[in-house]
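Colleague: Shown below is the structure under consideration.
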Number of protein chains: 4
Amino acid sequence: MTRSHAHAADPRRAVGWIGLGRMGLPMATHLVKAGIPVVAWNRSPKEAPEGTVRLAASPAEAASAGIVFTMLADDAATEAVLPAILEGLPEGGIHVAMSTLGVSFSRSLAERHAARGQRFVAAPVFGRPDAAQAAKLRIVVAGPPAAKEAVRPFLARLGEAIFDVGEEPHLAHAVKLGGNFLIAGMLEALSEAYVFVDKLGVSREAFYEVLTAFFRSPVYDNYGRILLERRFDPPGFQLRLGLKDVRLIARAADEALVPLPLAALLLDRYREAAANGLAEEDWTAILKRVEAAAGLVR
Amino acid sequence: MTRSHAHAADPRRAVGWIGLGRMGLPMATHLVKAGIPVVAWNRSPKEAPEGTVRLAASPAEAASAGIVFTMLADDAATEAVLPAILEGLPEGGIHVAMSTLGVSFSRSLAERHAARGQRFVAAPVFGRPDAAQAAKLRIVVAGPPAAKEAVRPFLARLGEAIFDVGEEPHLAHAVKLGGNFLIAGMLEALSEAYVFVDKLGVSREAFYEVLTAFFRSPVYDNYGRILLERRFDPPGFQLRLGLKDVRLIARAADEALVPLPLAALLLDRYREAAANGLAEEDWTAILKRVEAAAGLVR
Amino acid sequence: MTRSHAHAADPRRAVGWIGLGRMGLPMATHLVKAGIPVVAWNRSPKEAPEGTVRLAASPAEAASAGIVFTMLADDAATEAVLPAILEGLPEGGIHVAMSTLGVSFSRSLAERHAARGQRFVAAPVFGRPDAAQAAKLRIVVAGPPAAKEAVRPFLARLGEAIFDVGEEPHLAHAVKLGGNFLIAGMLEALSEAYVFVDKLGVSREAFYEVLTAFFRSPVYDNYGRILLERRFDPPGFQLRLGLKDVRLIARAADEALVPLPLAALLLDRYREAAANGLAEEDWTAILKRVEAAAGLVR
Amino acid sequence: MTRSHAHAADPRRAVGWIGLGRMGLPMATHLVKAGIPVVAWNRSPKEAPEGTVRLAASPAEAASAGIVFTMLADDAATEAVLPAILEGLPEGGIHVAMSTLGVSFSRSLAERHAARGQRFVAAPVFGRPDAAQAAKLRIVVAGPPAAKEAVRPFLARLGEAIFDVGEEPHLAHAVKLGGNFLIAGMLEALSEAYVFVDKLGVSREAFYEVLTAFFRSPVYDNYGRILLERRFDPPGFQLRLGLKDVRLIARAADEALVPLPLAALLLDRYREAAANGLAEEDWTAILKRVEAAAGLVR
């Protein structure tokens, strides 16, 4: 633990980064811009633009930096690099998982790192790629206090707010899933509401004006407009990832014996959308299935 | 129509008001304070405080003022006074229904008034009694253009925003129901989310902080806090009225052949709550049923 | 009441019949074949084949026979002839409603007949047109004991079993709706199960063999086979009538504050099917929507 | 494969049996009574009554007999003995899994046995302990033709019907889950229907008479009566096992991208029941939760 503290105090030392996708690359680049050397690895080979991250030969090399961040698609992609991380990360080192992961999987990561004398911090984020670009993510963090303290300076470069929700890392993933559940529930509600008023003769635009004035929320403004303008492609957040998150919510609820009828409805809805060819569109494209059920063709 | 226009231009002429409940009384009082004489009727006898409304002997007398507002509990309460209004309202007079009414019922009001040469404007409101007190209601209005024009000066005294959604009155009720559907859907989502994170070990307070920072909406702030603090009694909006509104949504969706699984879920939820003794609590008390399903006793 | 008893004892006296559709005509014909003269009325003019019913000029004439049976599409069709029945039926006369009607509507029929000194018996039936042809209907009956006694000899000509469920007529309609709920629930379950096993690679035929051997029920045999062979057209029982019945179940449950999530699901399903052009097919055609949700095209 | 055929032809050679619970013990005993020596293992030590199975020292010993049957609670219990079976079973040997297992897990069993040159047959059963006692199980079988042929004489001693649904073992588990889905769906429908008619004033007994006459199915007779008489304890099939099966259905549907709203509803229902202390009662005890939702206390 000493070394990690030293690390945090000395930002000239490199950190590792695994996952250079649409979220990971801009995030890692923010660290580089702040003068922090980043040793990064991506499953499919990438070129690192001049003045950004330095590419590692393996995930183990990235982990050997002592603090390593992962920003990967899902549990499986994280599991795939885990042996290398467990191998490469020094004792006392810190793995910071910023992806949205399952609650059980998050628990198992904590246990497996602890068994090696390593530390695990969960730090999933709210925000789409534009927020990652703008360093305006909202980060939910949970883990052992000293480890959280050590990584906070890095997280502060990536987002505009950090919420500490406790000492057990899986709590952060539970909060992240709970938040995504609220958003997915809102999308279903908005989709149903648009179709409802539309079939009764109201213009969706007029309805949008009322709802956005009522909720006065940038989230409602944004999603309400995407649904209104049918901007499903290119996706901001792919429907197959939305399906994945809803599935993680349903699984965690199942394991905790929590009946959640809205989550059940959402899982069916995203499954239906994926089975009907919408997996690569934006996750707001569930609107098409709500319309199809009502016999509306657009 | 001439007379009504004249009326609008001459605010010293009295208007009628039917329904002096927790919404209606503060609303009518705002008109009085603006110098507009109000002739009001309430089913159960009320005393009118000095300097407020003048009490009418019958709903017909209130309607005889030429413009009459109704702010009553539901379709049935409105239907109960309708014969008197049809009788008392002069030709060209305007009935402004500010309650949340069913879409079919709203259509039938328009037809019945038209058959008498009278005009019907729907002007349902968003906002709880505190918003009515503060003249901060948000009003959705639909109806014939000249009639809307005539009543706009009055509506402007009652709310902070007016949304005109068309010429057919029932469109305003469709928008109002669509909006309440979004709120009820949000309450179900919030209730499920609180129980979900709670059972996984997260403090509800911590979750509230994250969600409110994410949505940045006074509506989420307010309802999120009511649910957190379990302020179900005294009610801001009684659960039996929430059940009524969800029922109106389900009925309108049924008549328009729109499948709305979330609305179906909500109708079951409010019915369950009412069947378990929660009808007179705040409509956020559905949280208790979400907890009961998960075996949580508070 | 004396007269009615006399009537029952003297089958040479005519009875009235209203509704000569795919159920009503074969039913009325069975009475004629048993030597009971039938004075019948149908909304759209029909020719009565030689040796069958005698056509009445009005529903009131049919009702004037002292005992009148109605077999009409729904509440609205029954309400449409009710004034004539109330007018034509003598004091002490009996109206036997054999259609599937709403529970509230059934209650109101009892009250309106009682107010005229007339009697009302509810006698809805289980069975499709082939069962009506074969006099193999299963009849659920409820009403005042003497009135039930008086009509029993007629009912015995129409079905193979009569179930007496009480003295208040609406109880028979509640039982009928409860039964249709079980059948509609079974159709949804069968449809989902076929699609489930199909997508996992099992032949639907093989699954049919297992389920029919397990349930050993002619109802499962029959519906399982219709779904297997996709015999949706011509319909045995039109989907729009299934929608109507599910709606009546949902309404009755709503009025009694009974949350029924399966009924909610069914109402959405039938609404979805109707909104997608399946209203005139057999009510088993909901299978097409279960398949569509799973992305299966047949 | 030769050896196994020889085995089948020579019933004096012993077979292995793993799992001597309320289903497994009577099933193994039927084989012994037919003159087939059975070498059996159970996780918790059991005494084998005189003249029944011979106890093995380990699951590997049971598997070494060449044909081994497993009848265990779930995937986890089967996974727990799998290494021993893979170890003990000779090349060409056959593992016959008679438990209700997950479709993915069933697929993985087939692969893991094939990798060892062993064969895997799925043979899940319909029937509760009384049917196991009476050798009246209904057995669904799938697997490689020769292996199925080899085990058929044994299966024939355990049940009254065998359904062959294909060559890939997981198909049998898919059929078994599809069947349990129909039963669980029926239980939900029956529970909702009883509560529906009850709240409308109909006696449940009267409703039972009608439904049983209509469906003419021993399954409806049996479950309808259990629900009527509230025989939830001692359980015939424990609710926690029902929850497990519904979960396997939901998981398999999820993996195959099949939206199944009824399965979603059932998973919530069984989860709710388990979270409310009903896990050890009969799985028909979900009736208590349907009643609780309607505010009925029994």
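The values are calculated or read from the model by the stated rules, or taken from the named source; none is laboratory data. Here the structure is a predicted model, which means the values were calculated and not measured. Neighbour counts run over all protein chains shown; Cβ positions are idealised from the backbone, glycine included. Side chains are part of the model used for accessible areas, which takes the heavy atoms of the whole protein and leaves out ligands, DNA and RNA. Shrake-Rupley method; radii C 1.70, N 1.55, O 1.52, S 1.80 Å.
Colleague: I'd like to verify a number: residues in the range C:23-44 that are open to solvent by less than 50 Å² (accessible area, probe 1.4 Å) and assigned to a helix (DSSP H, G or I), how many?
Modeller: The number of residues fulfilling the criteria is 8.
Colleague: Can we say A:Ala135 is in contact with a Phe, Trp or Tyr (Cβ under 7 Å, 6 or more places away or on another chain) and open to solvent by 20 Å² or more (accessible area, probe 1.4 Å)?
Modeller: When the stated conditions are applied, A:Ala135 does not pass them.
Colleague: Please verify whether A:Ala189 is open to solvent by less than 20 Å² (accessible area, probe 1.4 Å) and within 7 Å of chain B (Cβ to nearest Cβ), treating the condition exactly as stated.
Modeller: Against the criterion (open to solvent by less than 20 Å² (accessible area, probe 1.4 Å) and within 7 Å of chain B (Cβ to nearest Cβ)), A:Ala189 qualifies.
Colleague: May I ask you to say which residue of C:Ala253, C:Ala275 is farther than 30 Å from B:Asn276 by Cβ and hydrophobic (A, V, I, L, M, F, W, C)?
Modeller: Matching residue, one of C:Ala253, C:Ala275: C:Ala275.
Colleague: Hey, another quick one. I want to confirm something. Restricting to the range C:194-208 and keeping residues that are at the interface with chain D (Cβ under 7 Å from one of its Cβ atoms) and buried (at least 17 other Cβ atoms within 10 Å of the Cβ), which single residue is farthest from D:Leu248 (Cα to Cα)?
Modeller: Among those residues, the one meeting the criterion is C:Ala206.
Colleague: From (1) over 30 Å from C:Ala292 (Cβ atoms); (2) touching a residue at least 40 places away in the same chain (Cβ under 8 Å); (3) within 14 Å of another protein chain (Cβ to nearest Cβ), pick out the condition that doesn't hold for C:Glu167.
Modeller: For C:Glu167, the exception is condition (2).
Colleague: Still on this structure, please answer the following. Quick one: D:Leu55 ticks every box in (1) over 27 Å from D:Phe163 (Cβ atoms); (2) of a type outside the set (D, E, K, R); (3) surrounded by 19 or more Cβ atoms within 10 Å (Cβ to Cβ) bar one, so which box is it?
Modeller: The failed condition is (3).
Colleague: Just wondering, is there one or more residues in the range A:227-246 that are among the β-branched types (Val, Ile, Thr), away from chain B (no Cβ under 11 Å) and farther than 24 Å from B:Pro124 by Cβ?
Modeller: yes
Colleague: Going through the range B:48-68 one residue at a time, which ones are touching a helix residue (DSSP H, G or I) at 6+ places or on another chain (Cβ under 8 Å) and under 20 Å from B:His113 (Cβ atoms)?
Modeller: Of everything in the range B:48-68, those that are touching a helix residue (DSSP H, G or I) at 6+ places or on another chain (Cβ under 8 Å) and under 20 Å from B:His113 (Cβ atoms) turn out to be B:Ala56, B:Ser58, B:Pro59, B:Ala60, B:Glu61, B:Ala62, B:Ala63, B:Ser64, B:Gly66, B:Ile67, B:Val68.
Colleague: Among the residues of the range C:58-73, which ones are at pLDDT 95 or above and among the hydrophobic types (A, V, I, L, M, F, W, C)?
Modeller: C:Ala60, C:Ala62, C:Ala63, C:Ala65, C:Ile67, C:Val68, C:Phe69, C:Met71, C:Leu72
Colleague: Additional query: If B:Ala294 meets every condition in (1) facing another protein chain (nearest Cβ under 10 Å); (2) farther than 17 Å from B:Tyr194 by Cβ; (3) in contact (Cβ under 8 Å) with a residue 40 or more places away in the chain apart from one, which number is that one?
Modeller: For B:Ala294, the exception is condition (2).
Colleague: Being closer than 22 Å to D:Ala250 by Cβ, open to solvent by less than 20 Å² (accessible area, probe 1.4 Å) and assigned to a helix (DSSP H, G or I) is the filter here; which residues of the range D:99-116 pass it?
Modeller: Passing the criteria: D:Val103, D:Ser106, D:Leu109.
Colleague: I would also like to ask the following. Which residues, taken from the range B:244-259, are in contact with an Asp or Glu (Cβ under 6 Å, 6 or more places away or on another chain) and touching a residue at least 24 places away in the same chain (Cβ under 8 Å)?
Modeller: B:Lys244
Colleague: I would also like to ask the following. Go through the range D:260-287 and give me each residue that's in a loop (DSSP other than H, G, I, E, B), within 11 Å of another protein chain (Cβ to nearest Cβ) and touching a Leu at 6+ places or on another chain (Cβ under 8 Å).
Modeller: D:Leu278, D:Ala279
Colleague: Restricting attention to the range D:209-226, and to residues there that are within 7 Å of chain C (Cβ to nearest Cβ) and within 20 Å of C:Ala172 (Cβ to Cβ), which single residue is most open to solvent (accessible area, probe 1.4 Å)?
Modeller: Of everything passing the filter in the range D:209-226, D:Glu209 is most open to solvent (accessible area, probe 1.4 Å).
Colleague: Let me ask you something else. What residue, of D:Val121, D:Val140, D:Val96, is free of Cβ contacts under 8 Å to residues at least 60 places away in the same chain, outside any loop (DSSP other than H, G, I, E, B) and within 14 Å of chain C (Cβ to nearest Cβ)?
Modeller: Within the list D:Val121, D:Val140, D:Val96, the selection yields D:Val140.
Colleague: Determine which member of the set D:Arg152, D:Arg119 is buried (at least 22 other Cβ atoms within 10 Å of the Cβ) and basic (Lys, Arg).
Modeller: D:Arg119
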